[in-house]
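The values are calculated or read from the model by the stated rules, or taken from the named source; none is laboratory data. Because the structure is predicted, anything quoted here is derived from the model rather than measured. Because the Cβ atoms are built from the backbone with ideal geometry, glycine has one as well, and the counts that use them run over all protein chains shown.
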Amino acid sequence: MPTAGGRAKKTMSDRPARAWSTAYHAAWVYPVAGEPIADGTLIIEADRIVWVGPRAARRLSASVREVELGSVLLTPGLVNAHTHLDLTVLRGLLDGERFFEWIRSVVAARDLLSPQETLDSALLGIVEGLQGGVTTYADTAPGAEGFQAMKALGVRGVAYLELFGPDPVLCEQAMEGLRARVGALRLDETPLVRLGVSPHAPYSVSDALYAAVAAYARAERLPLATHIGESDAESQLVTDGGGAFAKFLNGRGIATTMRARTPITMLEQNGVLGPNALLIHCIRCDDDDVAAIVRHDAGVVTCPYSNRYFGHGVAPVAAFVAAGVRLGVGSDSMASNRRMDLLAEACAAMPSSDARDGWRECWKLATVGGANALGLGDLIGTLEEGKQADFAAYSVPAGSTIDEALRFASSEGARAQLVVIGGSERVRDGRATADTSAIVARASAATARIREWRALARAT
């Protein structure tokens, strides 16, 4: 519809999803890096942000594609700094199991899923994340399905290839397998999706393998992620060689002894801590552990709802923040969570999130916090000139103040009306731009099959 100035204003679906120069107008633009902007405009060219500011402060040429978003809050895209996309189809199927038994059930269920079902599970996880405004995923899995799914749906992410090896005698064999997997996929990396490596956890990785993977990651300039400081059983294994995990390993002929003062100390001894390292969970971290993390500039991701699911406790977020740790938030897998809601996770992690500054800190943790934890803070996480055009828009009541808008967009079930990644619209008018109906149907069938297997297993 023509305006007083004579130039037609376009809604989200009136023009192609990508143009060389596009201006998005919103009731509120929240750059995170700066103050909120009422009646703001974000301008992108190709995959980059070129301008952010008040709408009235910038005149646009007739060649610029304009998108009127209306009463929305426009923010940086959310960053899920830890997830297992391939486990999405297991949502709700393993409830009630203790941590050790849950791990064994996950392994068994993974073995039952076909490659196509595993891929569909990863695709479904991304689709659900996109609906909530998640633009970046740090996925951890033994297979390549998460890597393939992120590429297929055009999202940003790091696919950490998971490896296991509690027996130090088999360290080189495990490394040969890892090198082969990385070599097979490295050439398929894109500007949006890259590979990483993930020695799983202290109860599934020997000191020798931790040291070997850390050295390999440094030499190959690969990001590294590991589960650490998550449970009492893990700490007991590391500090005195006892507990449930030790009993299991001993039963397989693997000796267990004291490895270090704490799990974080064990990582430091094996050269794992460093700027390329992402430490997942870190619930059991004392002051010396926090100091070690800062000393080596490692990133940390906390997963509050998954931690509650197992009753593992709460990460010392206040200590991390006070020390300047690069801290992000993740959903973990849907096998230990119910939904990929990064803002709910962030608010659960932050104290006093109902206060004005608290809401802003939640958004910071879910955006630039995760970006920094993954070492991507120079590319994403804030709306600034020169950064990648990754952002989301959420409907808010007309006339909302910025704090009302932040609170409303953080509410349970809030869905993004627009999601843009690298300049390409992946959600428009609240719907994925890709046809996802077949993905949802196939993933639902996989869930039903695993549910039936679980029921039969319990019956026998």
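Residue by residue, here is whether (1) touching a His at 6+ places or on another chain (Cβ under 8 Å); (2) within 20 Å of ASP86 (Cβ to Cβ); (3) modelled with pLDDT under 95 holds:
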residue	(1), (2), (3)
ALA416	no, no, no
SER424	no, no, no
ALA438	no, yes, no
ARG442	no, yes, no
ALA448	no, yes, no
ALA455	no, no, yes
ALA459	no, no, yes
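Taken over segment 130-149, the criterion of being in contact (Cβ under 8 Å) with a residue 60 or more places away in the chain and in contact with a strand residue (DSSP E or B) (Cβ under 6 Å, 6 or more places away or on another chain) is satisfied by LEU130, GLY133, VAL134, THR135, THR136, ALA138, THR140, GLY146. Return yes or no: is GLU128 assigned to a loop (DSSP other than H, G, I, E, B) and surrounded by 13 or more Cβ atoms within 10 Å (Cβ to Cβ)? Against the criterion (assigned to a loop (DSSP other than H, G, I, E, B) and surrounded by 13 or more Cβ atoms within 10 Å (Cβ to Cβ)), GLU128 does not qualify. With respect to being β-branched (Val, Ile, Thr), surrounded by 18 or more Cβ atoms within 10 Å (Cβ to Cβ) and in contact with a Lys or Arg (Cβ under 8 Å, 6 or more places away or on another chain), VAL158 fits the description.
Evaluation of ALA292 against the conditions (1) surrounded by 20 or more Cβ atoms within 10 Å (Cβ to Cβ); (2) without any contact (Cβ under 8 Å) to a residue 40 or more places away in the chain shows that the sole unmet condition is (1). Sub-7 Å Cβ pairs linking a first residue in segment 226-255 that is on the phi > 0 side of the Ramachandran plot to a second residue that is surrounded by fewer than 15 Cβ atoms within 10 Å (Cβ to Cβ), at least 6 apart or interchain, are GLY241/THR257; GLY241/MET258, ordered by first then second residue. Applying the set (1) surrounded by fewer than 18 Cβ atoms within 10 Å (Cβ to Cβ); (2) over 21 Å from the mean Cα position of the chain (by Cα); (3) part of a helix (DSSP H, G or I) to GLY70 leaves exactly one unmet item: (3). Considering segment 351-460, the qualifying helices (runs of 4 or more DSSP H), each wholly inside and each with 1 or more residues that are closer than 30 Å to ALA318 by Cα, run over 356-364, 370-373, 402-409.
Of all residues in segment 189-234, those being farther than 19 Å from ARG104 by Cα, of a type in the set (Gly, Ala, Ser) and part of a helix (DSSP H, G or I) number 7. Taken across segment 412-434, residues that are buried (at least 20 other Cβ atoms within 10 Å of the Cβ), under 21 Å from TRP363 (Cβ atoms) and of a type in the set (Asp, Glu) do not occur at all. Restricting ALA109, ALA122 to residues that are more than 18 Å from GLY154 (Cβ to Cβ), aliphatic (A, V, I, L, M), touching a residue at least 12 places away in the same chain (Cβ under 8 Å) and in a helix (DSSP H, G or I) narrows the list to ALA109.
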